[in-house]
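What follows is a single structure, written as structure tokens, with notes after it.
The values are calculated or read from the model by the stated rules, or taken from the named source; none is laboratory data. Only a predicted model underlies this, so the values are computations on that prediction, with no experimental measurement involved. We place every Cβ from the backbone using ideal geometry, glycine too, and count neighbours over all the protein chains shown. Accessible surface areas use protein heavy atoms only, side chains included; no ligands, DNA or RNA. Shrake-Rupley method; radii C 1.70, N 1.55, O 1.52, S 1.80 Å.
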Amino acid sequence: MPSFFIFPRKKFQDHFVRNGPIGSTGSANSSGWMHDVYFLAFLQHFARHTRVNLESKVLLLLDNHWSHLSVAAIDFCRSNGIVLLSFPPHCSHRLQPLDRSVFGPLKRYVNTAADHYMRTHPGKPLTIYDIPNLVATALPRAATPNNITSDFVCTGICPFNPDIFEEQDFSPAYVTDRPVPSQVPCAPTPHSNTHPYSQSLFAGGLLPEYPAGSRDTSLESAIPDHPAVCSAVPSEEGERGMLEVRQTSLGLNSRTSVQAFIPEAVRPFPKAVPRKDTKRRGKRRSTVILTDSPVRASLEEEQQKRIQKKPSAPKKRLLTIENTAPTVSLDKDEECLVCKETFSSSLPWEVWVQCLCCQLWSHEACTEGAEHYICHNCDNE
């Protein structure tokens, strides 16, 4: 599928992607980041090139970024046969196929193409309008059939493999494996002096809390009568850093005295402090099918609440600050050299800068942000 670019400009022009991959298009905004409006534009671009319909649906995997949760985008997907499935939180580095085998080589090939451009164009700076040309050179080398198929294999998506990740893959998350702020205990739990892994399991509700004096009986009754079943459980309170091995054999419960030393008792793993409960944190998301009716109804309700809280937009007015903005006359209205937007239609807080050579104007957000502005027309001359 051809690429979809987002430029940090006020208005998108076709010449932004004139040297990009065939069929590529894009959009523009002042920040250059993805928004819900531009995600809908990408979905239209996606549906046009994949030829998806209600009889031949397509599964689209994506994260829970707020721009992907717009009701307009979900309605477009439902009417065109696109099924949206979101990843669990903080798992895109492992589950997102493009992040595993395509984007890494793509970055290297883009850097190689940029180095070649600077060697073959001495004295000419590399601008954002040259990025599509670099992508057109690097993308075919990175998005090979072998890399694309290996993306879905290493993530366990296709063929489906629920056991693709092992226990050590989750060990880096142990540092921040902590309960939510509302559930942080005020006093130490009965297992606070035992193994840190068991502490996190008991605190998170993954293992039951046994009353004092009844832990042995409850644990032994939970072990089935197999020929040989071994389990390692935390030892008594005073023996920190030791695991006690118990064995059940032929229905007879016996307790061995074999104990294993844990190096973590000498140097425990670092643990992050509980988070501060701030009101600015977004809602915690989970993996869901966004195109399902209950999920869509929930997102629409959230959107209506945000609209009710959002203040009304200020009215447009003309800037008349001397020497900082162009003057608007009745016969001619200044246009931005980059996005072609007129000055009379600009927002009150937008800043305009004037080219030192041709004396024409542009949005400051549409320029490179240099102290002395020279437009791209004069710079090429």
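Is at least one residue of the stretch 84-103 within 21 Å of F16 (Cβ to Cβ) and in contact with a His (Cβ under 9 Å, 6 or more places away or on another chain)? No, the stretch 84-103 contains no residue that is within 21 Å of F16 (Cβ to Cβ) and in contact with a His (Cβ under 9 Å, 6 or more places away or on another chain).
Would you pick out the residues in the stretch 352-368 that are within 20 Å of Q13 (Cα to Cα), at pLDDT 80 or above and open to solvent by 40 Å² or more (accessible area, probe 1.4 Å)? The answer is L360, E364, A365. Inspect the stretch 83-103 for any residue being surrounded by 18 or more Cβ atoms within 10 Å (Cβ to Cβ), in contact (Cβ under 8 Å) with a residue 12 or more places away in the chain and farther than 28 Å from F170 by Cα and give the result as yes or no. Looking through the stretch 83-103, none of the residues is surrounded by 18 or more Cβ atoms within 10 Å (Cβ to Cβ), in contact (Cβ under 8 Å) with a residue 12 or more places away in the chain and farther than 28 Å from F170 by Cα. In summary, R78 fulfils each of the numbered conditions (1) over 24 Å from I131 (Cα atoms); (2) part of a helix (DSSP H, G or I); (3) under 21 Å from the mean Cα position of the chain (by Cα) with the single exception of condition (3).
Residue under question is K332, and the condition is that it be among the charged types (D, E, K, R), over 21 Å from N29 (Cα atoms) and at pLDDT 75 or above; does it hold? Quick ask: steps written out before the conclusion?
On the way: among the charged types (D, E, K, R): yes; over 21 Å from N29 (Cα atoms): yes; at pLDDT 75 or above: no.
Judged against the criteria, K332 is not a match.
Condition check: modelled with pLDDT of 90 or more, open to solvent by less than 60 Å² (accessible area, probe 1.4 Å) and within 26 Å of R141 (Cα to Cα). Does V110 satisfy that? Judged against the criteria, V110 is a match.
Would you check if there is a residue in the stretch 58-72 being assigned to a helix (DSSP H, G or I), touching a helix residue (DSSP H, G or I) at 6+ places or on another chain (Cβ under 7 Å) and of a type in the set (S, T, Y)? Within the stretch 58-72 (the criterion being assigned to a helix (DSSP H, G or I), touching a helix residue (DSSP H, G or I) at 6+ places or on another chain (Cβ under 7 Å) and of a type in the set (S, T, Y)), the answer is yes, since at least one residue qualifies.
Looking only at residues that are of a type in the set (A, V, I, L, M, F, W, C) and not in a loop (DSSP other than H, G, I, E, B) in the stretch 22-43, which one is surrounded by the fewest Cβ atoms within 10 Å (Cβ to Cβ)? Before the answer, list the steps.
Quick first cut of the stretch 22-43, residues of a type in the set (A, V, I, L, M, F, W, C) only: 22, 28, 33-34, 37, 39-43.
Subset that is not in a loop (DSSP other than H, G, I, E, B): 28, 37, 39-43.
Values: A28: 21, V37: 13, F39: 24, L40: 19, A41: 18, F42: 18, L43: 23.
Restricting to residues being of a type in the set (A, V, I, L, M, F, W, C) and not in a loop (DSSP other than H, G, I, E, B), the top hit is V37.
Filtered by the rule that a residue be among the aliphatic types (A, V, I, L, M), in contact (Cβ under 8 Å) with a residue 24 or more places away in the chain and not in a helix (DSSP H, G or I), the stretch 159-179 gives a lone residue, V175.
Filtering the stretch 125-158 down to residues that are assigned to a helix (DSSP H, G or I) and polar (S, T, N, Q), which residue is surrounded by the fewest Cβ atoms within 10 Å (Cβ to Cβ)? It would help to see each step written out before you state the result.
Of the residues in the stretch 125-158, the ones assigned to a helix (DSSP H, G or I) are 128-142, 145-154.
Among the residues that remain, those that are also polar (S, T, N, Q) are: 133, 137, 146-147, 149-150.
Details: N133: 16, T137: 18, N146: 8, N147: 19, T149: 13, S150: 15.
Per the criteria, the residue is N146.
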